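Student: This is the structure I have questions about; it appears just below.
The values are calculated or read from the model by the stated rules, or taken from the named source; none is laboratory data. Being a predicted model, the structure only gives us computed values, none of them experimental. Here the Cβ is made from the backbone with ideal geometry for all residues, glycine too, and neighbour counts use every protein chain on show.
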Amino acid sequence: MNTGNIKQFIGVAAISLLTACGSPAPDAALLQPGVSRELAQFRKEHFKEVRYNLFFSIPESREEAVTGKADITLAIRERQPVIIDFRGKSEQVASVLLNGRKVPYTVKDEHIVIDTREVTNGENRVTIEFTANDQSLNRRDEFLYTLLVPDRARTLFPCFDQPDMKSLFTLSLEVPSSWQAVANGAIEQVDSTSVTGRRRVYFRETEPLSTYLFSFVAGKLTRETYSRDGRNISIYHRETDPKKVAQCSDIASEVFDALEWQEEYTQIPYPFAKYDLIILPGFQFGGMEHTGATLYTDGRMFLNENPTLNERLARSSLIAHETSHMWFGDFVTMEWFNDVWTKEVFANYYASQMIEPLFPEVNHSLNFMLDYIPAAYSEDRTAGANPVKQQLENMRDAGLMYGNIIYDKSPVILEMLIKKMGKESFRKGIQEYLKTYAYGNATWEGLIGILDKYTDDDLSAWSHVWVNEKGMPEISGVITEGKTLLVAQKDPLRRGLHWEQDLSFLVVYPDGKTEDVQVSFKKEAMFCFKDLKRPAGEGTFVIPNADGKGYGFFCLFENNANACLSYLPFCKDEVLRGSLLITLYENLLNRRIPAELYMEAMLDYLPGETNSLLFSAALGYIGNCQRLYPSDPEKLEQVLWRIVMTAEQPQRRLQAFRQYRSIARSPEAVRRLYALWKDGKEPAGCSLSENDYISLSYDLAIQMPDKADEIVATQQARITNPDRKRQYAFISPSVSPRKEVRDSVFASLLVVGNRRVEPWASAALSNLNCQLRQKEAVGYIRPALEALQEVQRTGDIFFPRDWVRALLNGHTSLAARKEVDDFFAAHPDYPVLLSNKVRQQADHLYRLHD
């Protein structure tokens, strides 16, 4: 761009930012809402050595505005307009100084623009006084926390809101004297102020960080500190239950373990000054990897008194995931958010490795498969499937990059890559990658370029199909002429893609003996033939993906499907059973197995399953089958209640009870649940938590409208924790027996301020659209979809998906599908990234009514 010439832009899209002196205007491509790729590249090229010195004044009342001051220093080699991101109104900018003097500026399209003529070569210092937006402050009555990923920093303070402009941050906060304050940097000094009841907290300068990783938390918090080998960790929380607070030592221990594991694996010491964590009620993610101030949700960290294996694994995985981000995401950060998956894939994959020594009793190959493959399929099988690496033109859409594909499909792909390279070669490549891009930014292509040095394979060609293309292959295996296994793959989207992977098939002969057959699809291969060791007589069948490491839709033909269903209870190998569970469910969804046959077989199999992970997976599949293809619940209720009353393991009783609660429809089952809830009694050997009783109260209020008000009032009185009382008061009107009340709840959710606590809003929307009330709720679908763009603009990264899931998950009718169809017909040019979220969550409506 030639900034020496005055440019004039004509037409409705033209942007004129000429000052009164007639100075040059930036190119219009740079000045659009959000942060365009062009703007990011322009600033990365011209602005260097950025530092922030930030101050925020935080009132005790959330009704009062948070004000702030930003001192931004930067080096400019050649005079350019300074374009700073700030998503606020012009009146929120109180003053702008450049190098200590007032200068003309423009606030437009989410930017503060200082003209070229005001700028000097070399170091410049911009000082801006402003009023912060509340959107990313997450303010509650007694605390607040920032959450700026992926492009929300500009809603909080003026900045260069792009991941590749890493900067040093210095922060000070003025807060109520009774509040604690935590930030990326360690506390350096605390001073009283001239205002009674206020104090100022100063934090040390950080290491280089992307703006989305800047964070602070302030409020009434309790602090616990733990030490190991000279390293200290502080845990801040608001929990009041002593049994839950006692878990802090276990949490700290797992953080220490995770830090030590990554230091040994990467051979790089923890690259930041401190690791503190804050456990928050109603936090909208599982966790967020802010250096020095990592945030976690209380529901995942503080477990019930008798947690299930899945809950314990989930907490450990979450801790390992967020700790891995310190190296993968924070120390080395993606250059642009189209590569956001490169931090999530390592965090999830390494988490799966790090928890192995913590749970020696667990089959971790099985756990990896059950954790990642079903979740990946849930999006990859839909019309809204997206590639692992997506296109991103503007940071304002960066939140839509997130989903099960980047979190769950990518670790499966990474496992394939590690198998191709070998674990040690891959590790050497990763260590070189971290050292090459230390405290900097990288791309997937840059990583592949490094890994290529450690293998003879063509990683670029392999990566193109698995990373840059959406969807998955359809794979089938049949026995031909009684002596050959024929395995075929095809591209369901007819692009002619070839997925290179190794596959395992198990041939089961009529006498019960089996034969393992390994098949490798290389480049351009669509068919593979493997001779069998013995003739296949009548009754021989094939189980695909026997080792669970393949990825795709493994198609079962009718005879094979029936045989696989019958074989499930007799299958001794846990990984094979797990893979078979996944394959059978996917074939159910693709109408290759009748729902009645599937449910009958699963209920026969479930009581005999001894593996806790498989038992949990099977329960989930059974619940989904009943939701999508409802049948007489009598046998299902009987099977589940028998497990509740007789299972040897308490956690199996608890898991069966939770599924029983969610599917109970018969008068007998509802009466039984009401009696348990009313008396606060637990089924023998089944320990129920406060959350179990809360969930049960919602279900009972819906199914027993004449007692709904009494149930809600009683449950509200039972809750003692103030944060949970507020949560229940917000959500419980959504189960009212009066439609006018439910309509008012829905209308309130369309107002952005009422969606402030996103998990609460999602829970209320889900209750409004529960399956038992779907006929009355179908009218909510269209207006909720019409609000989706605003939900995305004002919410955090997972909220658009959670909003649509809560809206559509309980609907199974043709009328609901028509609402979705009519919405897309009325919006033929709806943004692709957002429409994908709708199509992913509406997938079941199309499968049911095709």
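Student: If I go through the range 747-762 residue by residue, how many of them are surrounded by 20 or more Cβ atoms within 10 Å (Cβ to Cβ), among the hydrophobic types (A, V, I, L, M, F, W, C) and closer than 17 Å to V778 by Cα?
Tutor: Qualifying residue count for the region: 1.
Student: On the given criteria, is E207 over 16 Å from Y296 (Cα atoms), modelled with pLDDT of 95 or more and in contact with a Phe, Trp or Tyr (Cβ under 6 Å, 6 or more places away or on another chain)?
Tutor: Answer is yes for this residue.
Student: Return the residue satisfying two criteria in turn: it lies in the range 114-135 and is assigned to a loop (DSSP other than H, G, I, E, B) and of a type in the set (V, I, T), and of such residues it is farthest from A65 (Cα to Cα).
Tutor: T120
Student: Further question on the same structure: In the set S192, S249, which member is at pLDDT below 95, of a type in the set (G, A, S) and surrounded by fewer than 17 Cβ atoms within 10 Å (Cβ to Cβ)?
Tutor: S192
Student: Another one. Taking the criterion of being outside any loop (DSSP other than H, G, I, E, B), surrounded by 20 or more Cβ atoms within 10 Å (Cβ to Cβ) and not charged (D, E, K, R), would at least one residue in the range 379-394 satisfy it?
Tutor: Taking every residue of the range 379-394 in turn, none turns out to be outside any loop (DSSP other than H, G, I, E, B), surrounded by 20 or more Cβ atoms within 10 Å (Cβ to Cβ) and not charged (D, E, K, R).
Student: Only one of T308, T323, T266, T291 is over 30 Å from K423 (Cα atoms) and either in contact (Cβ under 8 Å) with a residue 60 or more places away in the chain or touching a Leu at 6+ places or on another chain (Cβ under 9 Å) (or both). Can you tell me which?
Tutor: Matching residue, one of T308, T323, T266, T291: T308.
Student: Name the residues in the range 765-816 that are surrounded by fewer than 20 Cβ atoms within 10 Å (Cβ to Cβ) and among the aromatic types (F, W, Y), would you?
Tutor: F798
Student: So how many residues does the range 606-662 have that are aliphatic (A, V, I, L, M) and part of a loop (DSSP other than H, G, I, E, B)?
Tutor: 1
Student: Of the residues that make up the range 79-96, is at least one out of contact with any Asp or Glu (no Cβ under 8 Å at 6 or more places or on another chain) and within 23 Å of Y439 (Cα to Cα)?
Tutor: yes
Student: Could you tell me whether the range 597-605 includes any residue that is under 31 Å from the mean Cα position of the chain (by Cα), in contact (Cβ under 8 Å) with a residue 60 or more places away in the chain, surrounded by 15 or more Cβ atoms within 10 Å (Cβ to Cβ) and not assigned by TED's automatic domain parsing to the domain that holds S463?
Tutor: So far as the range 597-605 goes, no, none of its residues is under 31 Å from the mean Cα position of the chain (by Cα), in contact (Cβ under 8 Å) with a residue 60 or more places away in the chain, surrounded by 15 or more Cβ atoms within 10 Å (Cβ to Cβ) and not assigned by TED's automatic domain parsing to the domain that holds S463.
Student: Follow-up. List every residue pair whose Cβ atoms sit under 6 Å apart, with the two residues 6 or more apart in sequence or on different chains, where the first one lies in the range 29-46 and is farther than 17 Å from A153 by Cα and the second, anywhere, is among the polar types (S, T, N, Q).
Tutor: Pairs that qualify, where the first residue is farther than 17 Å from A153 by Cα and the partner is among the polar types (S, T, N, Q), are H46/Q80.
Student: Here is a follow-up. Tell me, which residue of the range 500-550 that is among the small types (G, A, S) and in a loop (DSSP other than H, G, I, E, B) is nearest to A488 (Cα to Cα)?
Tutor: Residue satisfying both the conditions and the ranking: A525.
Student: Inside the range 80-113, can you point out the residues that are among the hydroxyl-bearing types (S, T, Y) and in a strand (DSSP E or B)?
Tutor: Once the filter is applied, which keeps residues that are among the hydroxyl-bearing types (S, T, Y) and in a strand (DSSP E or B), the range 80-113 yields S95, T106.
Student: Contact list please: Cβ distance under 9 Å, first residue in the range 541-559 and in contact (Cβ under 8 Å) with a residue 12 or more places away in the chain and closer than 15 Å to R592 by Cα, second residue charged (D, E, K, R) and assigned to a loop (DSSP other than H, G, I, E, B), pairs at least six apart or on different chains.
Tutor: Between residues of the range 541-559 that are in contact (Cβ under 8 Å) with a residue 12 or more places away in the chain and closer than 15 Å to R592 by Cα and residues that are charged (D, E, K, R) and assigned to a loop (DSSP other than H, G, I, E, B), the close pairs are F553/R381; C555/R592; L556/R592; F557/R592; E558/R592.
Student: Report, ordered by the first and then the second residue, all pairs with beta carbons closer than 7 Å, sequence separation of six or more or different chains, a first member in the range 488-500 that is without any contact (Cβ under 8 Å) to a residue 60 or more places away in the chain, and a second member that is surrounded by fewer than 17 Cβ atoms within 10 Å (Cβ to Cβ) and not in a loop (DSSP other than H, G, I, E, B).
Tutor: Cβ pairs passing all conditions: A488/F527; K490/E474.
Student: Same structure, new question: Name the residues in the range 555-591 that are crowded, with 17+ Cβ neighbours inside 10 Å and either in the same structural domain as L848 (by TED's automatic domain parsing) or not in a helix (DSSP H, G or I) (or both), would you?
Tutor: Those that are crowded, with 17+ Cβ neighbours inside 10 Å and either in the same structural domain as L848 (by TED's automatic domain parsing) or not in a helix (DSSP H, G or I) (or both): C555, L556, C571.
Student: Hey, another quick one. Helices (runs of 4 or more DSSP H) wholly in the range 247-326 with at least 2 residues that are more than 27 Å from Y693 (Cα to Cα) - which ones?
Tutor: Passing ranges, in order: 248-266, 309-324.
Student: Which of the residues that make up the range 782-840 are acidic (D, E), assigned to a helix (DSSP H, G or I) and either in contact with a helix residue (DSSP H, G or I) (Cβ under 6 Å, 6 or more places away or on another chain) or farther than 15 Å from A383 by Cβ (or both)?
Tutor: Listed by number, the residues that qualify are E786, E790, D802, E819, D822.
Student: So is P269 exposed (fewer than 15 other Cβ atoms within 10 Å of the Cβ) and under 30 Å from F337 (Cα atoms) or not?
Tutor: For P269, the condition - exposed (fewer than 15 other Cβ atoms within 10 Å of the Cβ) and under 30 Å from F337 (Cα atoms) - is met.
Student: Return the residue satisfying two criteria in turn: it lies in the range 459-490 and is assigned to a loop (DSSP other than H, G, I, E, B) and touching a helix residue (DSSP H, G or I) at 6+ places or on another chain (Cβ under 8 Å), and of such residues it is nearest to F553 (Cα to Cα).
Tutor: Filtering the range 459-490 for residues that are assigned to a loop (DSSP other than H, G, I, E, B) and touching a helix residue (DSSP H, G or I) at 6+ places or on another chain (Cβ under 8 Å), the one nearest to F553 (Cα to Cα) comes out as M472.
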